[in-house]
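A quick write-up on the structure given underneath.
The values are calculated or read from the model by the stated rules, or taken from the named source; none is laboratory data. The structure presented is a predicted model; accordingly, all values stated were derived computationally and were not measured. Backbone-built Cβ (ideal geometry, glycine too); neighbour counts: all protein chains shown. What goes into the accessible areas is simple: the full protein's heavy atoms, side chains included, and nothing from ligands, DNA or RNA. Shrake-Rupley method; radii C 1.70, N 1.55, O 1.52, S 1.80 Å.
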Amino acid sequence: MDGQLDRRAELSEFLRTRRARLKPEDVGLESFGRQRRVPGLRREELAQLAGVSVAYYTRLEQGNGQNVSAEVLDSIARALRLTDAEQAHLTHLAKPKQQRRRASSGARTQQRPVRVALLQLLESIDTVPAYVTGRRSDILAWNRMAAALFGDWGKLPAAERNWARLVFLNPDYRELFIDWDQKAYDMVSFLRMDAGRRPDDPRLSALVGELSVKSDEFRRLWATHDVKEKSHGVKRMRHPLVGDLTLSFETFRLIDDDEQAFVTYHAEPGSPSADALRLLASWGTDAATTSLRT
């Protein structure tokens, strides 16, 4: 996969896969005909729900979205029962001119540096694992507790400090995340969302190509075209030094730089996981250097 992702192909496949997951009875329609050759709604059924002509919708599903209006996109999103993240992804794919204007300051591939004040904040948080991520799921900065929990990323080459690479290509992370399948699904969904925003990023295209070649799981999940925004949730982990942990994570998108996010993990007060985090904090750099074989 070279250069950039094909936005028209991405739009076409996204609409096709969203349509395929719906059945006529799901949306109150009677089935057209007795036999259905493909799963999901037919194009004419989707067009009927969205209030557009079949020819118009067909052009859109073939990747021709340059002149589609926001109102039509909203109607199609409602007909497809898209989530907020999916609707945003559809808009990113169908409005390439707007996206290019927004990126006119330079379709740069380099990450912005993490602000000094943010680095100082990371250092000051000594009981909570925290890190900053950027485009393509790159890991840009982290504190001592993040290293103790996830492994010493400082020992990795900069190009390998990437969540997608770690999850799919590093076997230690398969052992670390108890619900690895869910972690992998989330990772691909975040990356797919990023690809919709910036399909002209050659490094992102190269990352997707590399993971598609090296990981069957990634290739299968990438083909689903599912998207998801980073937000909050719970992760269960099995740490080689302190055992099982159940941690809540929060993702804070920076207002002045939406390419970067500040992520924290914390345990419920008084829980065994909180005790385990305190134990990791007391071990400090020793835990960071021995926790994972990165």
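Highest mean packing comes first when the peptides 42-49, 19-26 are listed by Cβ atoms within 10 Å, giving 42-49, 19-26. Pick from G151, G28, G40 the residue whose mean-square fluctuation is largest in a GNM of the chain, springs joining Cα atoms under 10 Å. Of the options given, G28 has the highest mean-square fluctuation.
Across the chain, C-alpha contacts under 8 Å between residues 6 or more apart give a mean separation that, scaled by the residue count, equals a relative contact order of 21 percent. For the chain, the carbon plus sulfur part of the accessible surface works out to 50%, probe radius 1.4 Å.
In the context of the full set of protein chains, residues of segment 165-294 present 46 Å² of accessible surface per residue (probe radius 1.4 Å, heavy atoms only). A Stokes-Einstein calculation at 4 °C with viscosity 1.567 mPa s, built on the Kirkwood radius of segment 168-235 over Cα pairs, returns a diffusion coefficient of 103 µm²/s.
Candidate cross-link partners of K23 among the lysines, defined by an alpha-carbon separation under 23 Å and a same-chain spacing of 8 or more, comprise K228. Of the peptides 123-129, 220-226, the order by per-residue mean of other Cβ atoms within 10 Å, starting with the highest, comes out as 220-226, 123-129. Taking amide H atoms as placed 1.01 Å from N in the peptide plane, the amide H of D201 lies under 5 Å from those of L5, each 5 or more residues away in sequence or on another chain. Taking one quarter of the surface of the convex hull spanned by the alpha-carbon atoms of the chain gives a direction-averaged projected area of 17.3 nm². Once you place label points 7 Å from the Cα toward the Cβ at S212 and T224, how far apart are they in nm? A separation of 1.8 nm, rounded to one decimal place.
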